[in-house]
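The values are calculated or read from the model by the stated rules, or taken from the named source; none is laboratory data. Computed from a predicted structure; not experimentally measured. Cβ placement follows ideal geometry from the backbone for every residue including glycine, while neighbour counts extend to all protein chains displayed.
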Amino acid sequence: MKKKIYYFQEGIEFSSKRPKLTRMKRSKKFNTVRICLGKNLEIKPHPEPYAVFFYVIEGSGVFTCKKGEFILNQGNSIFMKAKETRGIKALENLVVLGVQDGH
């Protein structure tokens, strides 16, 4: 059986107008997305019905959740529970891997 290899750092695009989301893998138990945000671009805080684990692949940003704001840099991660309000603001070009529960 062939396995698909995912290259998270290939095809990265930054926009000053909107985040670039690339769905990498969907399954019944989890979904993975790559989120690219140009410097100063923001995903305003909003609630989501699923839990998510964010891992910063490149850059840095401010991640907002119920417990406050956290600056994450390359190699840092944060977990946010289902129905928790969350947001991201890029301090520089930012690439994030999001692993969502299969909600």
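Tell me yes or no: at least one residue of the range 66-78 is touching a Cys at 6+ places or on another chain (Cβ under 9 Å), in contact (Cβ under 8 Å) with a residue 12 or more places away in the chain and surrounded by 11 or more Cβ atoms within 10 Å (Cβ to Cβ). Walk me through it before giving the result.
Within the range 66-78, the subset touching a Cys at 6+ places or on another chain (Cβ under 9 Å) is 78.
With the extra rule that they be in contact (Cβ under 8 Å) with a residue 12 or more places away in the chain, the set shrinks to 78.
Narrowing further to those that are surrounded by 11 or more Cβ atoms within 10 Å (Cβ to Cβ): 78.
Within the range 66-78 (the criterion being touching a Cys at 6+ places or on another chain (Cβ under 9 Å), in contact (Cβ under 8 Å) with a residue 12 or more places away in the chain and surrounded by 11 or more Cβ atoms within 10 Å (Cβ to Cβ)), the answer is yes, since at least one residue qualifies.
Of all residues in the range 20-44, which are assigned to a strand (DSSP E or B) and more than 19 Å from D101 (Cα to Cα)?
K20, C36, L37, E42, I43, K44
Based on what the data block shows, is S60 hydroxyl-bearing (S, T, Y), over 19 Å from G102 (Cα atoms) and in contact (Cβ under 8 Å) with a residue 12 or more places away in the chain? Quick ask: steps written out before the conclusion?
Values: hydroxyl-bearing (S, T, Y): yes; over 19 Å from G102 (Cα atoms): yes; in contact (Cβ under 8 Å) with a residue 12 or more places away in the chain: yes.
Spelling it out, S60 is indeed hydroxyl-bearing (S, T, Y), over 19 Å from G102 (Cα atoms) and in contact (Cβ under 8 Å) with a residue 12 or more places away in the chain.
Being in a loop (DSSP other than H, G, I, E, B) and either modelled with pLDDT of 90 or more or touching a strand residue (DSSP E or B) at 6+ places or on another chain (Cβ under 6 Å) (or both) is the requirement here; does Y6 meet it?
yes
So which residues in the range 62-103 are of a type in the set (A, V, I, L, M, F, W, C), closer than 20 Å to P49 by Cα and in contact with a Gly (Cβ under 7 Å, 6 or more places away or on another chain), if there are any at all?
I88
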